[in-house]
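The values are calculated or read from the model by the stated rules, or taken from the named source; none is laboratory data. Because the structure is a prediction, the values reported are computed rather than measured. Here the Cβ positions follow ideal geometry from the backbone for every residue, glycine too, while neighbour counts run over all protein chains shown.
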């Protein structure tokens, strides 16, 4: 957070009309000031500005949109694409068809001198006539071209600033950043600067993020915040800072729904902790997570399941075939399953949805399946670890039981993963395939628990029509360290007594 200690925090604020932005600004913009909204073409400046004026109309405040770059028809069409009407908002075009009339040309003065002066006078005249409380000026790049040099441009902007300061206007100046690199003239003039950035991806939807570069006298949330530009306007997803979110909860251990698994992890899963379920593909990670989630649902709790890897019908069908029918809990609202395409969802939006599930819906168990796909939504591995650290710390402080699924490469031999989240995890369940009596079976072990005294043993786990079954502790494994474990002990395998015997 940034703050100017010389300014007052009690000045009246203006709501921006952009979901999430007022929270980042600590309540909105300071009234009767000039703000710079900068961003490359297509980053969402015009849409944000229209939301600002529409919010003013909603509050009974007059608004004026002054445009040098777009026609009134284009603005109304842009608003209509979001389902908005601009009735009640004054639209003023500074460039008209008269500029194409040969009779309007003159040769005594340089054309830019005349046009710049006329433009400035046109702005002032329109403000005097309509007396708006909110003004949008689109865009400064046109003024920059008319001024032809930075000094004249700065003087014109200063003149407009002083003019607006005496007219009780809150002004947004839009700039498409066509100035030479390093030109921060406008930053020093404006009371606040909000930068919009658009980042094309090699695959999937382009990513957009917002940064409050400067805001005098306002305690705001610094850093980058993801935002979405879609039908309905701009929505900003405030960057999650776990330190600002604490909740009181009862520290207790809850059952996984499987007695053998409870014994393995030291009695169950502790509230306010996260458990990493790691292993190769097909080993039973998702099924184990579903069993734990179902146990929470049966206790009457609410659960949020974020599904990155497979479709919702596949998950429901597979769970039902294993005796874990999730449909009734979906129908009564206890369970929320959100199938996510990581190519379309930004990390900030994902954290926003998780916060909503916890704070608004009241979810006490969160499942993220899987982190491998979530990794693809991030611009780099270090950002994944930083964002996951904030998210997991937040969930722990809210008393949530979090289950994280991490797929590993390979089935036998050296099994590895793309990322190492072991240091962020409170508990780790490790799954492995092993060989016994000529068959491939699955082993599970608890390798870490910060809150309970877990077993140091290896148990067999198998999928049944009643969910999962965890057997007794196995001994006499061979080749565990080499990555090719085989079992030669005397403890019977799960289901051996159910197998038909051959008759001689």
Residue 160: part of a helix (DSSP H, G or I), under 24 Å from residue 44 (Cβ atoms) and in the same structural domain as residue 64 (by TED's automatic domain parsing), yes or no?
-> yes
Enumeration of residues in segment 309-352 that are farther than 20 Å from residue 203 by Cβ and touching a residue at least 40 places away in the same chain (Cβ under 8 Å) | 321, 322, 323, 324, 335, 351, 352
Of the conditions (1) in contact (Cβ under 8 Å) with a residue 40 or more places away in the chain; (2) surrounded by 14 or more Cβ atoms within 10 Å (Cβ to Cβ); (3) not in a helix (DSSP H, G or I), residue 201 fails just one. Which one is it?
-> (2)
Residues that are at pLDDT below 95 and assigned to a loop (DSSP other than H, G, I, E, B), drawn from segment 299-320 | 308, 309, 310, 311
Search result, residues across segment 353-373 that are modelled with pLDDT of 95 or more, out of contact with any strand residue (DSSP E or B) (no Cβ under 8 Å at 6 or more places or on another chain) and buried (at least 16 other Cβ atoms within 10 Å of the Cβ) | 355
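Mind checking which residues of segment 100-157 are on the phi < 0 side of the Ramachandran plot, modelled with pLDDT of 75 or more and in a loop (DSSP other than H, G, I, E, B)?
132, 133, 139, 149
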Single unsatisfied condition, residue 296 versus (1) at positive phi; (2) in a helix (DSSP H, G or I) = (1)
Residue 258 vs. criteria over 25 Å from the mean Cα position of the chain (by Cα), closer than 16 Å to residue 45 by Cβ and touching a residue at least 24 places away in the same chain (Cβ under 8 Å) | no
Of (1) part of a loop (DSSP other than H, G, I, E, B); (2) touching a helix residue (DSSP H, G or I) at 6+ places or on another chain (Cβ under 7 Å); (3) farther than 16 Å from residue 401 by Cα, residue 226 satisfies every one except (1)
Among the residues of segment 229-257, count how many are surrounded by 14 or more Cβ atoms within 10 Å (Cβ to Cβ) and in a strand (DSSP E or B).
-> 7
Identify, please: which residue in segment 204-223 is in a loop (DSSP other than H, G, I, E, B) and either on the phi > 0 side of the Ramachandran plot or under 13 Å from the mean Cα position of the chain (by Cα) (or both) and is, among those, surrounded by the most Cβ atoms within 10 Å (Cβ to Cβ)?
-> 217
Looking at residue 338, is it within 26 Å of the chain's Cα centre (by Cα), part of a strand (DSSP E or B) and under 30 Å from residue 24 (Cβ atoms)?
-> yes
Kindly list the number of the only condition in (1) assigned by TED's automatic domain parsing to the domain that holds residue 383; (2) modelled with pLDDT of 90 or more that fails for residue 413.
-> (2)
Regarding residue 29, is this residue closer than 24 Å to residue 156 by Cα and either modelled with pLDDT of 95 or more or crowded, with 22+ Cβ neighbours inside 10 Å (or both)?
-> yes
Among the residues listed as 268, 380, 282, 272, the single one being at pLDDT 95 or above and out of contact with any strand residue (DSSP E or B) (no Cβ under 7 Å at 6 or more places or on another chain) | 272
